[in-house]
1. Looking at the stretch 104-123, can you tell me whether even one residue there is in a helix (DSSP H, G or I), modelled with pLDDT under 75 and closer than 20 Å to residue 4 by Cβ?
2. Residue 70: under 19 Å from the mean Cα position of the chain (by Cα), modelled with pLDDT under 90 and in a loop (DSSP other than H, G, I, E, B), yes or no?
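The values are calculated or read from the model by the stated rules, or taken from the named source; none is laboratory data. These numbers were taken from a predicted model, which means no experiment stands behind them. Here the Cβ positions follow ideal geometry from the backbone for every residue, glycine too, while neighbour counts run over all protein chains shown.
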């Protein structure tokens, strides 16, 4: 899977942001940001898709405006189901599914990007003028 991600990065110029505790997986990257406190060590986080879990959210209104945060109230987590998911992850099932999705997406990437751009434009056009941030 790491080879597929590297190929997408090099061949199509796509940014890949991976959050991992595995130093061998991190070594595949061109740039590594080590973080002991759960915060980025650079002054501006890279633009890209970030999938993360945690108890804290990044500071900054602009950054948070570009994020989808899913908050779970205390008691909302189904711990038995989470345990099953963790076991599947440890067995590599999620990695296989992600690799299959990346392979599927790689042949359709330009079309997906164009459709997303068109949808974003349509959403901006339908938004209230006062609600639009100048950079969005």
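1. So far as the stretch 104-123 goes, no, none of its residues is in a helix (DSSP H, G or I), modelled with pLDDT under 75 and closer than 20 Å to residue 4 by Cβ.
2. Values: under 19 Å from the mean Cα position of the chain (by Cα): yes; modelled with pLDDT under 90: yes; in a loop (DSSP other than H, G, I, E, B): yes.
When the stated conditions are applied, residue 70 passes them.
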